[in-house]
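Data first, discussion second: the structure below is written as C-alpha cells.
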Amino acid sequence: MSDDNKTIEMEVLRYRPEQDREPFFQTYEVPFEDDWSVLQGLQYIKDDLDSSLSFRWSCRMAICGSCGMMIDGVPKLGCRTFLRNYHSGKLRVEALEHFPIERDLVIVVDDFMEKLARIKPYLIPKQVRKLEQGEYLQTPGQLEQYRQFSTCINCMLCYAACPQYGLNSGFTGPGILALMHRYNADSRDGGRDQRMELGHSDEGVWGCAAVAYCSEVCPKEVDPANAINQNKMGSAIDYFLRFVRPRGATG
Amino acid sequence: MKRSNEPVFWSLFGAGGMLSALIGAALVFVTGIGVPLALLLSPDLMQYQNMLAFTQHWLGKLVIFAVIALFLWHATLRILLLLHDFGFRTGIGTKFIGNGLALLCTLAAAYLLLALGS
Ligand code: SF4
Ligand code: FES
C-alpha cells in the first residue's frame, strides 16, 4: 500500500570543486513512493529541487554498475536500494569511499580503470583456433569454474568496502582480482602466467588481509574474497613448486 | 612486479590456524581446566614423569613443536594484520620484530625439545 504523503530527508554530500573548498552535506526533503529507489530520490532532487546535483547512473536495474554510493555508510547501488527501507528516518548519501571525488557523488575512477587493464581482462586463448576450426567449446562443468566471477559489473562497491584498498591504493583490490580469477579459471584461457606476475605480488592477492567485507557488499554475489583466497592457495603452491619445477615449465 | 614472500608466512599462518581450530580449545581444556581441576581428567595425567616421557618420544616432540611453532606463526601474522587493520603502520620493522620473535621461539622450542633427549 502506498501512502501518498510520505517524505524522507536525504542528506547528500556535495562538492563542486570550482566553488566549494571542501565537501559538505546538503539536506533535501524528498516526497517518495514505496517503489522508489535512492537513485529515483536523487533524480527527483535534480529534476525538481536542485539541478546542480551530480551523480552517475545509467541502467536503473543493477546492470551497468555506475550508481555505486555510500548509503548510510554502506556501499550500495543507488538503483537497487529503496527509500522505504530508510523511512521514517534520514538517509545519508555520499560518494563511494576510498576514491577521490570528482564532483558531488561522482568519483574519479582512473585508478580502477588503469588496474583493470593490468590484469588483461579478456581471453588469451590457450590454442588459437582458426575461423574454420569453429568455436572454443566448453562443458557446463568448465563454465561453472568461473561463471560466478564473470558476473561482476565493475560497480566498485567492493573497493569502497575494502579497508586494505583504503589504506593502500596500490593494492589491486577485490573486484579486479576476482576478474583475474575469472579468466585464469576459464578452460579456454592460457594467460594465467601473464596475469599472475601481478597476482603473485604484494599488490596482487597478497595485499588482501581476508576481511571479506567485499563479498558482503557485492550486489552480484561475485564473492571476490573467495576468488582471492583461491588464488592465495594457488600462488602459495606456485611459490614453493617453482624451486622443484624444471626451468621453463609452467603450472 | 616483485613476487611476494607472503606465501611463506601465509602457509605457516594457515597451518597454525588449522591446527589451533582443531585442537586449540581441547588443549586449553586439558591443560588449563581438566587436569588442574581434575574435571573429567585425572590430575596425574600431566605429572612431571608423564610429561617428560611424552617429550622424550619423537612423536611427542613433533606434536609439541608443531603446537608451539605453528601457533606462534599464526598469532604473529594475526597480530600484524590486526595492527594494520587498525591503521598502525606495519612496515618492515614491525614485520621483522614479529616474525623474528616467532623464528627465535621456533628455534628455541626445537633446541629445547632436542636437548631433552630421548
Ligand atoms: S566484485 Fe561485486 S562489488 Fe566488486 S565491482 Fe564486481 S560486482 Fe561490484
Ligand atoms: S544505474 Fe546501473 S547499476 Fe544502478
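The values are calculated or read from the model by the stated rules, or taken from the named source; none is laboratory data. These numbers come from a predicted model, not from an experiment. Cβ: placed from backbone, ideal geometry, glycine included. Neighbour counts: every protein chain shown. Quick note on the areas: whole protein, heavy atoms, side chains included, nothing else; ligands and nucleic acids left out. Shrake-Rupley method; radii C 1.70, N 1.55, O 1.52, S 1.80 Å.
Inside the stretch A:190-223, can you point out the residues that are over 25 Å from B:Thr90 (Cα atoms), more than 14 Å from ligand 1 (Cβ to nearest atom) and either open to solvent by 10 Å² or more (accessible area, probe 1.4 Å) or basic (Lys, Arg) (or both)?
Of everything in the stretch A:190-223, those that are over 25 Å from B:Thr90 (Cα atoms), more than 14 Å from ligand 1 (Cβ to nearest atom) and either open to solvent by 10 Å² or more (accessible area, probe 1.4 Å) or basic (Lys, Arg) (or both) turn out to be A:Gly190, A:Arg192, A:Asp193, A:Gln194, A:Arg195.
Within the stretch A:1-77, which strands (runs of 3 or more DSSP E) (wholly inside it) include 3 or more residues that are touching a Lys or Arg at 6+ places or on another chain (Cβ under 9 Å)?
Strands (runs of 3 or more DSSP E) meeting the threshold: A:7-14, A:24-31, A:68-71.
Would it be correct to say that B:Asp44 is of a type in the set (Asp, Glu) and exposed (fewer than 12 other Cβ atoms within 10 Å of the Cβ)?
When the stated conditions are applied, B:Asp44 passes them.
Residue-by-condition table, conditions (1) assigned by TED's automatic domain parsing to the domain that holds A:Cys162; (2) basic (Lys, Arg); (3) more than 16 Å from ligand 2 (Cβ to nearest atom); (4) modelled with pLDDT under 95:
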{"position": "A:Ser66", "(1), (2), (3), (4)": "no, no, no, no"}
{"position": "A:Pro100", "(1), (2), (3), (4)": "no, no, yes, no"}
{"position": "A:Ile119", "(1), (2), (3), (4)": "yes, no, yes, no"}
{"position": "A:Tyr122", "(1), (2), (3), (4)": "yes, no, yes, no"}
{"position": "A:Pro140", "(1), (2), (3), (4)": "yes, no, yes, no"}
{"position": "A:Leu143", "(1), (2), (3), (4)": "yes, no, yes, no"}
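Among the residues of the stretch A:231-251, how many are surrounded by fewer than 16 Cβ atoms within 10 Å (Cβ to Cβ) and either within 30 Å of A:Ala62 (Cα to Cα) or touching a helix residue (DSSP H, G or I) at 6+ places or on another chain (Cβ under 8 Å) (or both)?
Matching residues across the stretch A:231-251 total 3.
Across the stretch B:72-95, what is the number of residues that are surrounded by fewer than 18 Cβ atoms within 10 Å (Cβ to Cβ), modelled with pLDDT of 90 or more and not charged (D, E, K, R)?
Total satisfying the criteria: 2.
For the stretch A:231-244, check the following and say yes or no: at least one residue is more than 19 Å from the chain's Cα centre (by Cα), over 27 Å from A:Leu77 (Cα atoms) and more than 11 Å from chain B (Cβ to nearest Cβ).
Checked the stretch A:231-244: at least one residue is more than 19 Å from the chain's Cα centre (by Cα), over 27 Å from A:Leu77 (Cα atoms) and more than 11 Å from chain B (Cβ to nearest Cβ).
Which one is surrounded by the fewest Cβ atoms within 10 Å (Cβ to Cβ), of the residues in the stretch A:151-175 that are within 8 Å of ligand 1 (Cβ to nearest atom) and over 13 Å from A:Val211 (Cβ atoms)?
Of everything passing the filter in the stretch A:151-175, A:Thr151 is surrounded by the fewest Cβ atoms within 10 Å (Cβ to Cβ).
For A:Phe55, all conditions in the list (1) within 12 Å of ligand 2 (Cβ to nearest atom); (2) without any contact (Cβ under 8 Å) to a residue 40 or more places away in the chain; (3) under 18 Å from A:Asp20 (Cα atoms) hold save one; what is the number of the exception?
(2)
Residue under question is A:Asp48, and the condition is that it be at pLDDT 95 or above and either open to solvent by 30 Å² or more (accessible area, probe 1.4 Å) or not β-branched (Val, Ile, Thr) (or both); does it hold?
yes
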